[in-house]
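Colleague: Have a look at this one before I ask anything.
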Amino acid sequence: MYEITVYETADGNRPLDKLFKELQKKHRKNDIDAIQLHIRYLQTYGPDINKNVKSDLVKPVQDGVFELRIKANRVLFFYYMGKKIVLLHGFIKKRNNIPTKERNLAIVEMKDYLRRNQS
């Protein structure tokens, strides 16, 4: 079992919450439920999720950042210190490729988390 942590900015903001609020506002409870289910799969299987659940559920993005793919929704995350997974932020995908803005933001968030959580 992997430990799931949701990234928080230095001032306590949780960027992933923005995706859930957006889906809630659009009355897409089924999408919220699906994301939560897939996060539980990620928690259970970690890097082996594609072998155990679905072959293209998780894909690498860049520099250690991965995407969890649920319908048109994406949750960006990275693996940290063995059995920990840090969920960064999410978005509703509107094009084939991950927008550069989302990719760059995830890398900034990951670097911020690593800087503030170094032992």
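The values are calculated or read from the model by the stated rules, or taken from the named source; none is laboratory data. All figures in this text were calculated on a predicted structure; none of them were measured in a lab. Note that each Cβ is placed from the backbone with ideal geometry, even for glycine, and that neighbours are counted across all protein chains shown.
Colleague: I'm trying to understand the selection: among the residues of the stretch 64-79, which are part of a strand (DSSP E or B) and not β-branched (Val, Ile, Thr)?
Modeller: Phe66, Glu67, Leu68, Arg69, Asn73, Arg74, Leu76, Phe77, Phe78, Tyr79, listed by residue number.
Colleague: Here's something else I'd like to know. Can you pull out every residue in the stretch 76-119 that is within 11 Å of Val65 (Cα to Cα) and of a type in the set (S, T, N, Q)?
Modeller: The answer is Asn104, and nothing else.
Colleague: Next up: Looking at Val65, Val53, which one is at pLDDT 95 or above and among the aliphatic types (A, V, I, L, M)?
Modeller: Result: Val65 is the single residue among Val65, Val53 that is at pLDDT 95 or above and among the aliphatic types (A, V, I, L, M).
Colleague: Does Asn13 meet the test of being over 22 Å from Ile98 (Cα atoms), surrounded by fewer than 17 Cβ atoms within 10 Å (Cβ to Cβ), in contact with a helix residue (DSSP H, G or I) (Cβ under 6 Å, 6 or more places away or on another chain) and not aromatic (Phe, Trp, Tyr)?
Modeller: no
Colleague: Okay, moving on. Pairs please, first residue from the stretch 99-119 and surrounded by 12 or more Cβ atoms within 10 Å (Cβ to Cβ), second anywhere and among the charged types (D, E, K, R), Cβ atoms under 7 Å, 6+ apart in sequence or on different chains.
Modeller: Correct list of pairs: Ile107/Asp63.
Colleague: Being within 20 Å of Asn13 (Cα to Cα) and of a type in the set (Val, Ile, Thr), is that true of even one residue in the stretch 40-58?
Modeller: Within the stretch 40-58 (the criterion being within 20 Å of Asn13 (Cα to Cα) and of a type in the set (Val, Ile, Thr)), the answer is no, since none of the residues qualifies.
Colleague: Let me ask something additional. Within the stretch 63-103, track down each residue that is of a type in the set (S, T, N, Q) and more than 14 Å from the chain's Cα centre (by Cα).
Modeller: Matches in the stretch 63-103: Asn96, Asn97, Thr100.
Colleague: If we scan the stretch 56-64, do we find a residue that is without any contact (Cβ under 8 Å) to a residue 24 or more places away in the chain, under 16 Å from Tyr2 (Cα atoms) and among the charged types (D, E, K, R)?
Modeller: There is no residue in the stretch 56-64 that is without any contact (Cβ under 8 Å) to a residue 24 or more places away in the chain, under 16 Å from Tyr2 (Cα atoms) and among the charged types (D, E, K, R).
Colleague: Tell me which of these Gln43 doesn't satisfy, since it passes every other one: (1) free of Cβ contacts under 8 Å to residues at least 24 places away in the same chain; (2) out of contact with any helix residue (DSSP H, G or I) (no Cβ under 7 Å at 6 or more places or on another chain).
Modeller: Among (1) free of Cβ contacts under 8 Å to residues at least 24 places away in the same chain; (2) out of contact with any helix residue (DSSP H, G or I) (no Cβ under 7 Å at 6 or more places or on another chain), Gln43 violates only (1).
Colleague: Now a separate question. Of all residues in the stretch 23-62, which are surrounded by 16 or more Cβ atoms within 10 Å (Cβ to Cβ) and touching a strand residue (DSSP E or B) at 6+ places or on another chain (Cβ under 8 Å)?
Modeller: Within the stretch 23-62, Leu23, Asp31, Ile35, His38, Ile39, Leu42, Gly46, Ile49, Leu57, Val58, Val61 qualify.
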